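Heads up, the thing below is written out as structure tokens.
The values are calculated or read from the model by the stated rules, or taken from the named source; none is laboratory data. Keep in mind that this is a model prediction, so the values were computed, not measured. In this analysis, Cβ positions are derived from the backbone assuming ideal geometry, glycine residues included, and neighbour counts consider all displayed protein chains.
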Amino acid sequence: DGLAPVCARRNLFHILTIGSSKLEHELYGFHRGYFVSPHHVSETIRNFVAYFFSCDVCRTNFLKMYDDCGHEHCSRLQSEITLGLADGSDPARMELALWLWEVHNSVNARLMKEAAQQQNRLVSNDETLASRFPTKKMCPDCWLDQNMTKWDNDRVFRFLEDWYWPEHEASDWQFQSVIAGTVPPEEEPPVQSAKEKPSYAWYRWGMGFASILCLVSFASFVLVATINKHRKRRRKKFVDSRFVKKKQGWQQGWLDCNC
């Protein structure tokens, strides 16, 4: 797989867990008829790993962990959605993101241990601390002890939210209308005024010109190819005719000599 694709997928999973914890996203899905619970998201991640991870070792380890209720996700992640508190501060919303974060750190620790075993040595304390994310320097308030074995759930979740979710992300009109309860989600987006509406005339003109240019280029290519083909045929006939004449001359001279 390579390091970059693995890191990209890992970041995608974290983004999914943070995004699904947003109250406006849950309400939007609810109004659309989708019930996306924390358990549903974790199952989706599990199935993605099962069907799309080309790293056999990574896939096997993750599926074994998940199917064995690793990090107690079977009891921690809800199978039903609860609209919860209006400000989205329901502690249950943090469980999915925290669960995946714990899985992430356990994988880091396992990889660090395997690397040390290949070198026939034990993992040092500094290596153990370095394998945990975030480091104490990145988030001093996330960890409650020096050995980084205990953490503050709320602070860790806030760190993950700041790290994986864009700050001040603007909600579109559908999210805003669902939260405000003013416009049904089936309605069309507000119509822009002529001044605000972008003009696509230049785009249509450009596409038309590009199409004509492609047709002219293709026709020119066909014409040139046809002319070259005829030239090759005429040249071949000319060369063959000269060769036949020379061959006839050689044969006549040979007969004259034999005679």
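In the stretch 111-119, is there at least one residue being of a type outside the set (Lys, Arg), farther than 29 Å from residue 79 by Cα and assigned to a loop (DSSP other than H, G, I, E, B)?
yes
Given the criterion part of a helix (DSSP H, G or I), modelled with pLDDT of 85 or more and surrounded by 13 or more Cβ atoms within 10 Å (Cβ to Cβ), identify the matching residue among 25, 39, 31.
39
In the stretch 129-152, what residues are surrounded by 14 or more Cβ atoms within 10 Å (Cβ to Cβ) and touching a helix residue (DSSP H, G or I) at 6+ places or on another chain (Cβ under 7 Å)?
Selection gives 131, 132, 133, 134, 139, 142, 148, 151, 152.
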